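This report concerns only the one structure given below.
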Amino acid sequence: MRASVIPTLAAVAVVALTVSLGNWQLRRADEKAQLQLQRDQALARAPLPIGTGLLDAAATDGQRVALEGRFDAPHTVFLDNRTRQGVAGFHVLTPMRIGADPDSGESVRYVLVLRGWIARDIAERSRLPPLRTPAGIQQIEGLAIVDLPQPIVLGASEAHGSGADPTAGDPAARGDGSSRIWQHLSMSDYARWSGLPMQPVLVRQTSELDDGLARDWVQPAAGVDRHHGYAVQWYAMAAVTVGLWLWLTLRTRRRLRG
């Protein structure tokens with residue numbers, strides 16, 4: 001009796017697990033497809049101009065926006081461990097000053113712009129790559145983002161922008177450039193580090209600019225077909241398990257009858 005129950009329980013467990021994993025893959029595919037639809041709809045709408053008035057972050061998140069101002073190159077930061085087509089590099093973020101000259105006493109605010117990707121120096125990790133930042137008034141468009149996707153951070157000591165002063169105890173204080181190479185970024189930490197009056201969202205730039213940066217951003221729907229393929233594999237494994245259980249059950253019954 002026990003010998004016949006054990007295979008059945010094992011088969012039930014395997015089928016439950018594989019069907020659950022297949023369902024999870026389909027949910028992930030649906031989530032990505034929905035995010036892609038939302039992005040396409042946002043890009044189809046007229047851009048929302050961003051001024052010096054403080055934005056509602058939740059209402060602006062995911063919206064197509066337009067900026068006009070000057071880049072503040074000294075406060076540029078480089079997010080590490082960003083790859084493009086298998087090449088290691090950085091995401092470049094530079095604040096754009098919106099409004100009057102800060103010395104004029106008039107209202108001014110800054111918007112952090114995710115400008116694009118640039119390859120890193122493979123020989124020296126702390127060396128910043130040569131970067132062109134256009135001077136003068138610039139007009140750009142992009143998508144507003146509240147939470148920038150982050151890589152896995154092993155510990156606060158290994159990530160700038162993790163809550164402490166990003167330059168504290170960093171060799172960049174001696175001028176090697178690594179104080180501007182961050183592993184992790186949050187808007188609150190960047191505002192504290194820069195000392196600038198920031199808008200609560202950053203903007204992923206989609207318009208072109210002569211700065212040599214790559215802006216072929218990964219689309220939300222990337223990988224949907226792969227999720228569907230994985231789901232088929234899990235469901236097929238469940239079907240094979242059921243088939244094997246039926247075959248073993250019938251074989252056992254025939255043996256007992258014989």
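Binning at 5 angstrom from zero up to the longest distance, how are the C-alpha pair distances of the stretch 58-141 distributed in percent?
Using 5 Å bins, I get a P(r) of 3, 13, 21, 20, 17, 14, 8, 4, 1, 0 for the stretch 58-141.
Can you find, among 117, 71, 88, the residue sitting farthest towards the positive end of the charge dipole of the stretch 1-119, where Lys and Arg contribute +1 and Asp and Glu -1 at Cβ?
Going by the Cα projections, it comes out as 88.
Only bridges whose two residues both fall in the stretch 1-105 count here: according to DSSP, what percent of them are antiparallel, nearest 5?
Here the antiparallel bridges make up roughly 80 percent for the stretch 1-105.
For a footprinting-style exposure proxy, rank 201, 224 by other Cβ within 10 Å, fewest first.
Numbers: 201 25, 224 17.
In increasing order of surrounding Cβ atoms, one gets 224, 201.
With a 10 Å Cβ neighbour count serving as the proxy for reagent exposure, in which order, fewest first, do 230, 190 appear? All intermediate terms of the calculation are to be shown ahead of the outcome.
Working: 230 18, 190 22.
Sorted ascending by nearby Cβ count, the order is 230, 190.
At a 10 Å Cβ-Cβ cut-off, how would you order 24, 117, fewest neighbours first?
On the way: 24 14, 117 20.
So the residues, fewest neighbours to most, are 24, 117.
So how much slack lies between residue 239 and residue 73, counting 0.36 nm per residue of separation and subtracting their Cα-Cα distance, in nm?
Working: separation 166, 0.36 × 166 = 59.76 nm, distance 5.83 nm.
Full-extension gain reported as 53.9 nm.
Every number in this text was worked out from the coordinates using simple rules, so none of it is lab data. Predicted model, so just to flag it, every value in this text is computed and none were measured. Here Cβ is always computed from backbone atoms with ideal geometry, including for glycine, and neighbour counts include all displayed protein chains.
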